[in-house]
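> Just passing along the structure, written as structure tokens.
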Amino acid sequence: MIVKEEFLSKLRTYFSLNLYEVKIWTALLSRGVSTAGELSDIANVPRSRSYDVLESLKKKGFIVMKFGKPIKYLAVSPEEVVERVKKNMRFDADTKIKRLAELKGTDVLEELNDLHNQGVELVEPSDLSGSIRGRHNLYNHLDLMIRSAEKSVTIMTTGPGFLRKIEGLKGTFEKIKKRGVKIRIAAPINTKESKQAVKDIGSVADVRHTDAKARFVIVDGKELAFMVMDDQEVHPTYDMAVWVNTPFFASALESLFEMAWNEMKPAKEIIK
């Protein structure tokens, strides 16, 4: 049986299988029912490993074992396999989430926090900085920054960036707003989509229009994430930001933002 390496690679990604597992599985699919020895020969998998691989596939719900002499294996339909894999992934994810949720209020989390706080005290201010690559990682970090806000969140972004932040961070904005955190967002809001986004976030954040091209987030005047790429010219995978936790730099940039903010048109005047 000849199966392209590219196809096997896709199966490994979609179904979280190793190379021997996808080889044995596709071999069995091509035969319908077969013995371990036959599958080993067809898939070019060492016979000493084929039994372990078949047992693993059976546990994962990809195949069924038929009793008899010799023992044979039957392939489950791909559609059914997809549903089983989805169900198993959902169960595993729920289990892990529940386990992590149980950490709250435990000695384990308190000890981890103590270690972190002690470590931060030993860190030089100049070391509290780093780079973040990839838009997914970037938004995860922004969410972490914003959730920790105590007084203010200041954001300047592009039109597409404004829409992404409303979609991905609205829930976080609403939570910190209830704690009394002041949220200000400066962005181009002259499109139909951005005007609708303003309506969605209007009760939570103060939004004003700007044509300036800049992307940054400042939290409490001391923590800053500055995106260094034009989001309309870079692929999300290569988007990048510089993160610093230093009041001097962050407050200096926020002071400049304050001067520009006073000259910006409130969103209410734009969306009339």
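> In this structure, does PHE216 turn out to be assigned by TED's automatic domain parsing to the domain that holds ASN140, touching a residue at least 60 places away in the same chain (Cβ under 8 Å) and within 15 Å of GLY161 (Cα to Cα)?
The answer is yes for PHE216.
> Provide a single number: the residues in segment 1-58 that are within 17 Å of PRO70 (Cβ to Cβ), hydrophobic (A, V, I, L, M, F, W, C) and over 37 Å from the mean Cα position of the chain (by Cα).
Matching residues across segment 1-58 total 4.
> Across segment 46-90, what is the number of residues that are free of Cβ contacts under 8 Å to residues at least 40 places away in the same chain, among the small types (Gly, Ala, Ser) and surrounded by 11 or more Cβ atoms within 10 Å (Cβ to Cβ)?
3
The values are calculated or read from the model by the stated rules, or taken from the named source; none is laboratory data. Note that the structure is a prediction, hence the values are computed from the model and not measured. Note that we place each Cβ from the backbone using ideal geometry, even for glycine, and neighbour counts take in every protein chain shown.
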